Every structure is written in C-alpha cells, then in structure tokens.
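Here is the structure we will look at.
What follows is calculated from the coordinates using simple rules that are stated; it is not laboratory data. These numbers come from a predicted model, not from an experiment. Cβ coordinates were reconstructed from backbone atoms using ideal geometry, including for glycine residues, and neighbour counts include every protein chain displayed.
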Amino acid sequence: MSAHWEDLPARAQSRAREGVRDLFMGVRFACTGGREGWTRMLLTAVGVGLGVALLLLTAAVPNVLAARHQREEARLNYTYSQENVPRADNTLVIADADTSYHGKDIRGRLVEPEGPRAPLAPGLTKYPALGEMVVSPALRELLASEDGKLLRERLPYRVVGTIGESGLIGPRELAYYAGAENLAARINGWQAARITEFGDPDPTSEPKDPVLLLLVTVVFVVLLMPVAVFIGAAVRFGGEQRDRRLAALRLVGSDIWMTRRIAAGEALAGALLGLVFGTVFFLIGRQFAGSVEVLGISVFPGYLDPSPVLAALVAVAVPAAAVLVTLLALRKVAIEPLGVVRTAKPPRRRLWWRLLLPLGGLVLLYPMLGQGRTHGPFNQFLVVCGVALLLVGVTALLPWVVETVVARLGGGGVSWQLAVRRLQLNSGTAARLVNGIAVAVAGAIALQMLFTGVESDYIRHSENDLLRAQMQVNVPEGVPLAAAAEKLSATRGVRQAIALSGTDAGDRPWNDERPPDPLVQVTIGDCDSLRQVARLPSCRDGDVFTLKGADHESADADTAKLAEPGRRLHLNASAEEPARQAVWTVPAGLKSARSVKDPTGVRRGGFLLTPAAAPAKLLSQGGGAVFLRIDPSVPDAPEHVRNTAARVDPLTVTTLWSSSERTKQFASLRTGTLIGSICVLLLIGASLLVSQLEQLRERKKLLAALVAFGTRRRTLSLSVLWQTAVPVALGLLLASAVGLALGAVLLGMANTPVAVDWGNVLAMAGIGAGVVLAVTLLSLPPLLRLMRPDGLRTE
Amino acid sequence: MSIGHTLLGLLESGPRHGYDLKRVFDEKFGHDRPLHYGQVYSTMSRLLKNGLVVVDGIEAGDGPERKRYAITEAGITDVERWLTTPEKPEPYLQSTLYTKVVLALLTHRNAADVLDIQRAEHLRSMRILTDRKRKGDLADQLICDHALFHLEADLRWLELTAARLDRLREAVTR
Amino acid sequence: MTAPVPGALLTAENLRKTYGPTVALDGAGLSLHPGEIVAVMGPSGSGKSTLLHCLAGIVTPDSGSITYDGHELTAMSDSRRSALRRSEFGFVFQFGQLVPELTCVENVALPLRLNGTPRKEAERTALAWMERLEVADLRGKRPGEVSGGQGQRVAVARALVTGPRVLFADEPTGALDSLNGERVMELLTEAARSSNAAVVLVTHEARVAAYSDREIVVRDGKSRDMERAV
C-alpha cells in the first residue's frame, strides 16, 4: 500500500476501478442472492416501477393537455361572430348539432359548403352531401351496435366516411359531420355561422381558468409526493437482511466504504430494473389508455408522450435517489464484521429545522393569498414548491411527533406496553413507514377541501323544479313552437309538455341613444302552460294577464306603468333586426295574476299572453322552450325525447335536468384525485406489509419464547396492531392538521371562503386507518405461524 | 505431586522444624490425605543428603524431630527448576474402563450397561464435588473444579464410547 | 416403559414425536417429583429439547401421555395449556428470550402482567426476585445493554417470578463461559430449592447436570432413567 503513496494518479484510477467493481458486486448480489434476493429485488423493482410509471404519466400530462387543446382549437368553428360574412365560393355554413346519448356527449355539426373552396374541417377529406354524414370511429361502432339503435333514429344520415385522427381529441370521442341545406337561413350569431376557416380567430395559449390550473398543479404535486416517498421506501425493502449480508462481507475483510458501495450497487440494480419495469408499465398503460375512456375523456396513445427532458430527468433522478436513500440509511447503521449495530442512542430529534419546511411552504404560498381567478395565472413554481415543502414538512415533522408522543406513553396492558416500548426504542422506522400515508392523506385532505370550496363555482346550482319538469327542449327560431310541443307531448315517456315562448315589451322601439324604459317580460303560452307560471283566476284563449310578485324588484311597478289599455308597446324590442319587431296594443280587460315559480325556479314579471292575444307576426317567428314531465318508468324516455326533438329540427337543444350540474372538467379532476389517492395508499399499504413481515421474521425466536411461557396469541397480535396503529394515528392527525392548513391556504389563494368538510377529512383518515387494519390483518397469518414452537428449535 | 519439592518450597520463607512443616503442608495441600510424620522425616533426610537443605539448629530435648531445617542455594534452584518444568501429560491409554468395555464386548455382555453404570457413578461423584464446592472456600472450589473437570473428561469419553459402541464391537470381535 | 411413579408431579410416558421424516422422540418418558431437580442429558439432536417442549405443553406429542398434577396435558386445549404455562411453569432458554425493547425489570414482571397483576405490584415482585439473583441494579437497563450471564440471571428471575411449581431450563448456560455458567446454575438451583420448584434441566454438559438430584439420558429419542440403571 505505502509503496504507492507517490503514485497518486494511478492510485485514484485504481480506486475508481475498485468503486466500479464494488458497485457491480452489489448488482451481482442483488441478482444472485438466491430466492430471497430475487424476491427483494423484484419487490423493489415493482415498487420503483409503479412509481416510475406514475412519474412518466405525469411527465406526459402537459403534452396530453397541449395536444388536446391544439386539436380542439384547430377544429373550432367560431359561430359567435357579429360580422356578416357574405356568401362566396370559399364559405361554409356550419351549425352546432351536439347531442348526448346514454350520458355520453356527441359532438355534431351540420355543414353546407357554399363553394369549391369552402374550408375543410380537420380530419375530413370531403364534406358529406345532404343526407350523409362522416363519423368518428367510436360513433360508427356505437351506431352499428345494438346499443345504438335509438341513436340511429336520431341521426338518420348515411355514413359515408370516417373522421381522421386529426379531427378528434380522443380515440373514443363521439363526433359526426352531417350534410344539410338551407343552413344560411339559420345563422343566428351563436348556433350557426358562415365561416371561411376553422380555428379560433383569437387563439390563446393558456385558455384555462387560473384556479382550475392551480387545482391541476396541486393534484400532481399531491399525487407525486407520496410516490416519491414510496420509491424511497421501496429501495429499502429487505434492508435488514441486506445489512446482515454486508456484515458477513465485513467479516471477510471489506471496509466500510466497500460495503457502502456494494449496498449502493444493490439499490442501483433494483432501481434500474424498476426503471425498466416502469417503462413497460407505462407503455402497457399507454396502449391501454387508447382503448378506454375515463369520465368521458379518452386519449390517443400518441399524446401520452413524456417530454424527453422530463423522461430523462426521471431516468436519472430515480436511480440517483435510490442510491442516495440507501447511503443515508446506512449512515445511521454501523455494519461491523460481527453484525449490524444501530448507533446506540440516536440524538433526540430537533424540532426547529423540521418546522422550517412547512413554514417555508406557507411563506411561499402566502403572497398568493386572495389572488383569486381575476389576477391571471398563479406562479406555478411558487405553488409547486410551496405545496411540496408543506407536504415534505409532514415527513420531517412526523418522526419528531412520533418520538415525542411515544416517549410520553405509558400504562396500559401488556400488548400496549410491548408496542410502546418497541416504538420508543425505534420510532424512526415506524415513522418512516407511515410517512407515505401521512403525505398522501395530507395532500388528499387539502385537495378535497379545495375541491369542496371551489365546487360552488363549478357546479351550477340549478333552481329547476324537478317535480314539474325533467327535460327542457329549446326550439330554435323559425320552428313553430306549438307543433313542436304537440309532437313532444306525443313522444313515448312524456307525461306533459309545457310550451312557453317569450320576449320583451318596451315603451318604444330599440334605439341605441334612448333604450326602451321600462322594459318588461312577455310570456306566451296556452292556458295550461301559463298556469305553470302564475296562479290564474280563470283562463280562456285571448286573455292577457299582468303579473304581480316577480323576483325582479322593479318588475311589478314597471308592469303597472305599461299596463294601460290602448297603449302601444313594442315587442321584440331588444332584437337587432327591426324586421322582427312587432307592435302590440294593450287590450282592455286585463286580468291580474300572482306570479309563481316557473319550472326553472323563476317568478316572472310582465305580461302573460294566450296565443289568441299575441300578435300573429310574433307567433309565426316560432321558437321557445318546451318543458317536459317524464315518466321515469319508461326506459330511455330521454333518448326518445331527443329523437323527437331532432326530428322537429336538428338544431333543437335538449337538456336533461338534474338537481345540480357539475362542470365535467371539474368532476373528472375530482374523481381522478380520489382514484389516485386510493392507488397511492394501496401502494404504501403494500410496502408497510412487506416491512412488517420482515420485522416479524426477525423476531421469530423471541415470539416463540414468549408463546412458550404462556403469552396469549391475542396479546401478541394486539401488540402488532398497536405498533402500527399508534404511529399511523399520529401520522393521520398530523396529516389532517397539515392538510387542513394547506387546504385553507389554497382556498385563500382561490379567494374562496374557507370551509372544512369534516366528512372528507374523516373519509381520508378512514381510508388511511383501513390500510393499517388491512396490513395488520394480512400480517396475522404469518405472525401466528411464527408463534409456533418450531421457532424454539435451534437446529 | 512431589512432596520433596513442596516441602522445599515451604522452607523458602524461612527455616522450620519438621513438625511445623507437616502442619503447614496439611493445612495448605493435604485436604484429603494428611502427611505421615515418617514421610516428612525420610524426605528431609533425602534432601539433606542431596545438599538441598541444611540443619539450621537442634533444640534441646530428645528425638530427631527437634531438628530445624533451612533451604540451601541449591535447594532454591531446585524448586525453581521444578516449578518451571511442565508436568508430563499422562495419557491413560490402558485405562481400566477401556478394558472393562472391551471385555464386556468380547464376552457378549451388555457393554452399554457397563458404560451407563460408570456414567451414573461419575455423575454421582460430580454431584458430591459440586455440593462440596458450593459450601467450601476458594481453595475448596479450585480443587473440586480440578477433579470435576477430570471427571467430566472421563464422562465425555464414556458418552463418545457409548455412541461408538457398535463400531467398537465390530473391531474387537472380528 | 415405566409405570407411573406415585407422588410424581409430572409424568410422561411413551412419548412419540416426529418432525417430518425426523424422529425426535421414540418412546421417551420422565417423572418429576415436587421440588426435585432432574437433568435431561444426551448428545445434540437426541430429542432432549423436544422432550422438554412436550413436558411443558409447548408441543403436543404424536402419541403418549403426559400427566401434570393428575391432569392429562395432551387432552388440554391450547389456551388451557398456555394458562398452565403462565401460572405453573417457568422457562429459561439458551438465548433470545428477553424482549429487547423492555427494560430488565419489565421483562421479569412480564409473566405476572400476563396473569393480570397490576404493573406496579408486578414490578415490585420482579425487583425482589432480581435482588435474589443479584441483578437488581440492572432494573432500568435493556437486555442489549447487559452481559450474557446477567441476561440469563434476569431470565431466571423471570422464570421464577410467578412462583412456578416446575421450572423448565433448556441449556440455560449454553451461551456462557464456565464461570458465568456456574454462577447462573448456583443461583438457579438455590432459588428453585428455596421456593420448592421442581426443575427440568436440559443440558449436554455434565458439570451443569451435576447441579441436579438425578439425571435422565436421552439417546435417539429414547430416555433412560440413570437412577434405575444403577
């Protein structure tokens, strides 16, 4: 050795070579460690693999969102234009004819190209002629299936082609383009338009709501943090056994650094295999993703393409983290030739730096408090770091909390004493095991709070009276309402159809300088329908009523002012086209009626007109709403209604009422989080079980001795339960506290009043507790087996 | 045990009368068998003849037992040599027990019984020694231990022989 | 093989026990009188530990009978045998028997607590026993912090703390040097005699067996009562 002192470069070189050799030796140990070695390696690899797959998926999400957004924008037909585009050989008239079938949305467009140079929608090679349509593959499938029978009636067009991938945002999307005629007459500034090109004329790169974006960001951080913790735990599977093997290596002469390098090599082997597993899991999942649809969203496998930088980051960070975690774990363990010694009395854990992490997180998030959705997007970096720090704070605080609380525990029965003493001696292991669950629960609680808090913004709390009507069909202008109502009421499953059309009445025609004042509501319908709006003393066709008790404060007074018999009022006063205006003379013999809530939950004001009292010009313009009471016992009644409505006119808009409607985007995010949290908790439960079993095997002899001198199996089983339950309970408490704090901060950032949904907190804590119970139950059979007297045999 | 060397060693701390020597010897070494005075007398005269002791003085009175002995330089050297010379380990190759076992085998008697009876007897002695050791002082303990370890060695041989009895039977009856 | 001995506290006859293809006991038996110390000797693998496990009701023999105080042990349910072990028997093993996370006094008090004695009282009794075995100063230490000999003395204290009628000791000095081993044996036999507990002492060392009143030799799963052999 000393002879080489002078030859430093050569020494360094040989040292590097030794290092590599030790690493490889570790890799070889991992691969050739017999059945147990393989099991350990597989466990680690599967654990790391699951984590890696999740990471890759996350890395792909920005791409997915961007790709979907791009395609969505590219195929947009902008119908809200106020401009009057003249007919030319490069124009297309297009109308939205969306519908839904058995709860699934179908994107529908009616098209009428007006010249050879009409813009072609993405994914189409040519437009269908009248009576023909081009469909997405999923819609073609649905139409061909038994399940699609009713839909075939609604879309009576001949399928002549398929929409290509570039025209769809997902492989399972239902969409069609159908040829139509005379669409130009239907141009109305929102449903139908004449366009010269597809795409948003005013494209945005970040079209999303900042609060929604905040939610997405937080969801990812919250789901990824436990994955990181889990990967950390996964590379430590079977650590005790490995330590013993390293001790044996020390006995035959390897030094401390060699053993560390060998351990690092073992961890590296597991992590590398985990990367392979993860990539395979991800690729399988990706193919799978193309054929499934979660919450109405399907994704082309091609979109699930992690950005190379992020993928590379995963590929480097995971093995590096595995090695780092192993080395950190070994730091506290002295592997001596004759066995493994844990550094005798670890110093008491300090609180201050542990508190710094969550406090730092709060400090980062603090400036964004009260920002709401009006001040542009949140600073993503600050959000991610803040949330991550708060959650990492849980993992830092938990060991301290467990140590401090457990040190003060005492009393109780034998099982409790055994558990508490064990925890006192080694609270770190326990805390480490629970960390994952704590982080997952804290994040989930915060998310659930955020969801519940901002839910009101994303749920349209509908005032609709579901007892009186369950569906609404909006009949477009140009379609006679009475005829439509008649057809709808004759539809299978419809009990009653209430047809109401409406307009405004003003004291003078619309004029930009002097708008009509006052302006009151006018509702037209037959006597039966009007009874849904007001309490009528009596009603005959030809009657006119004035309403009292409207929701709108000044409506009653305005009505009274205008209700002078003989006065000429201007109807359709707010319509842009003067041609559609009508003049109506207030008749004598006005009746007064008290307004009641209409099917949409509104107390109307103004005038009620029976058809005979309404100007013919107004009635001929058509349009209005038909509210339908449905017989719930008739299967598929809503689909029959939609079919009738489509037959009446393809541009009718049919809505199925429910007590509240949740924005779809929001609902899928929330469900996704719940599924994600459960998966993460299960993953962590698995790692808990593995280490629990490992610990039990270590104590085989002791367990047998305890049983020999008459310890009840119940006592030992209970002690195992306490041993898991105590740290988990502490972890859940801490997680709840941190989760609530984080939730409150996030709500503050979204500028939404803080409200705690204790049900959600309990549910998350309950899931965590359930995991503990499951782990204990699953470790009982091996425990009982270990307690058999065979353990006493030394041979 | 060499009585001559032991007595010489006792003289190293100063001249003693023959009777005195016997008393000290019995106290320190003669737990089981006290020395006969005749043994002391004959030993001392042999030492005197070899020049390892001299007569330091004779007290008034009658009888040779009144002589006081002192150790010579040659005597001190002799004690030194005795203490530093290891005892020859004695292999009991032709022990009585072995003879008994072989004889039992040759005469088709139950050799295992011979061994077991001996075993029980050995353990009985060990029990007595253990008991005595527990009640005695340190010197008792050391002496008993010596005996116990020897008995234990015999016992081990008995056990080993019992385990190999079949092979031994083959060997001796061939 | 042997007729039931009148006045015996624990009698086992004709015990047979196999573990898979291995025959551990093949007609072994033993009788134990109150307060007597019986050594079970024999080469390793002869079945002496299995005999002890059967006698103590830890393992049920395949056939044969074990009578304790007039009750047939093999006919008892597991919970009754466990209760018997808790209250009537004490155990000392070679090693690995002390719960590493409990302090020594808590370890000694454990059997009392399993029987429902309140913690304070159990630990007071435990401490008295630790004094008798000269390990009272270790009360607050954990088993990992005491020497092998001290640990075995703590184990002996634990085995005797419930005032058992039978103490089962399986190679109690197996992991100790002769000096420590002797001290443990002296204290064990002294304490057992003074509390009138019978002892079944499994050992392969003659010097340890010499602390007994009589010995049994187990060879190839068969036992031989040496007193009757003489």
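A few notes on this one:
- Legend: mean number of C-beta atoms from other chains within 10 angstrom of residue C-beta atoms, peptide B:162-170, equals 1.
- Paramagnetic label reach from A:Ala184 (point 7 Å along Cα→Cβ; backbone nitrogen cut-off under 15 Å): within the range A:118-160, residues A:118.
- Since only C:Gly148, A:Leu721, C:Leu10 are under comparison, the one whose Cα sits farthest along the positive direction of the charge dipole of the protein assembly as shown, derived from C-beta charges on Lys, Arg, Asp and Glu, is C:Leu10.
- Least to most buried among A:Leu65, B:Leu8 (fewest other Cβ within 10 Å first): A:Leu65, B:Leu8
- Phi-derived couplings, Karplus 6.51 cos²θ - 1.76 cosθ + 1.60 at θ = phi - 60°, listed residue by residue for the range A:53-65: 4, 4, 4, 4, 4, 4, 5, 8, 4, x, 5, 4, 4 Hz, with x used for Gly and Pro.
- Surrounding net charge for A:Ala614, when Lys and Arg each add one and Asp and Glu each subtract one, Cβ distance under 12 Å: -2
- Rounded to the nearest 0.05, the FRET efficiency derived from the C-beta distance between A:Asp147 and A:Ala774 at R0 = 35 Å is 0.40.
- In this structure the amide hydrogen of A:Arg567, modeled in the peptide plane, comes within under 5 Å of the amide hydrogens of A:Val586, none closer than 5 places in sequence on its chain.
- FRET efficiency, 1/(1 + (r/R0)^6) with R0 22 Å, evaluated for A:Val653 and A:Arg492 via beta carbons: 0.60
- Long-range HN-HN contacts of C:Val40 with modeled amide H, under 5 Å: C:Leu201, C:Val202, C:Thr203, C:Ile216
- Computed log₁₀ I(q)/I(0) - Debye formula, equal Cα scatterers, no solvent, the range A:522-652, q 0.14, 0.15, 0.21 Å⁻¹: -0.73, -0.82, -1.30
- Karplus (6.51, -1.76, 1.60) ³J(HN,Hα), θ = phi - 60°, over the range B:3-16, in Hz, Gly and Pro reported as x: 5, x, 5, 5, 5, 4, x, 5, 6, 4, 7, x, x, 9
- The mean number of partner chain beta-carbon atoms within 10 angstrom of a residue's beta-carbon across peptide A:709-720 is 5.
- Pairs from the list B:Lys67/B:Lys133; A:Lys591/A:Lys617; B:Lys133/C:Lys222 with a Cα-Cα gap above 27 Å: B:Lys67/B:Lys133; B:Lys133/C:Lys222.
- The protein assembly as shown: radius of gyration and largest Cα-Cα distance (Dmax), Å: 48.7, 178
- Using every pair of separate Cα atoms, the Kirkwood estimate puts the hydrodynamic radius of the range C:141-205 at 12.0 angstrom.
- Vicinal HN-Hα couplings computed from phi for the range C:148-160 (Karplus, 6.51 cos²θ - 1.76 cosθ + 1.60; Hz; Gly/Pro x): x, x, 5, x, 5, 5, 4, 5, 5, 4, 5, 5, 9
- Formal net charge of residues neighbouring A:Val160 (Cβ-Cβ distance under 12 Å; K, R +1; D, E -1): +2
- Amide H contacts under 5 Å for A:Tyr101, placed H, 5+ residues apart: A:Ile106
- Overall form of chain C per C-alpha gyration tensor (a/c, 1.5; a/b vs b/c): prolate
- Computed E for A:Glu477/A:Leu65 - FRET, C-beta separation, R0 35 angstrom, nearest 0.05: 0.40
- Legend: ranking of residues B:Ile3, A:Ile163 from fewest to most surrounding C-beta atoms inside 10 Å; resulting order B:Ile3, A:Ile163.
- Number of partner chain Cβ atoms within 10 Å, mean per residue of B:117-124: 5
- Rounded if a/c under 1.5, otherwise prolate or oblate - the range B:84-174, Cα gyration tensor axes: oblate
- Dipole of the protein assembly as shown [Lys/Arg +1, Asp/Glu -1 at C-beta], most positive-end residue of C:Leu102, B:Ser45, A:Pro308: B:Ser45
- Simple spin-label estimate for A:Glu165 and A:Ile678 in nanometres, 7 Å along Cα-Cβ: 3.2 nm
- Among the listed pairs A:Lys701/C:Lys48; A:Lys701/B:Lys135; A:Lys701/C:Lys141; A:Lys126/A:Lys487; A:Lys487/A:Lys548, those beyond 26 Å (Cα-Cα): A:Lys701/B:Lys135; A:Lys126/A:Lys487; A:Lys487/A:Lys548
- Neighbourhood net charge (11 Å Cβ-Cβ; Lys/Arg +1, Asp/Glu -1) for C:Val99: +3
- Working ranking of peptides A:265-271, A:92-98, A:649-655 by packing, defined as the average number of other Cβ atoms within 10 Å per residue, highest first, is A:265-271, A:92-98, A:649-655.
- Peptides ranked, highest mean first, by Cβ atoms within 10 Å: ranges B:127-140, A:536-549, A:128-141: A:128-141, A:536-549, B:127-140
- Burial ordering of A:Tyr127, C:Tyr19, fewest other beta-carbon atoms within 10 Å first: C:Tyr19, A:Tyr127
- Here chain C carries DSSP beta bridges of which approximately 55% are antiparallel, counting only pairs with both residues inside.
- Taking packing as the residue-averaged number of other Cβ atoms within 10 angstrom, the listed peptides C:110-118, A:145-153, A:719-727, A:757-765 run from highest to lowest as A:719-727, C:110-118, A:757-765, A:145-153.
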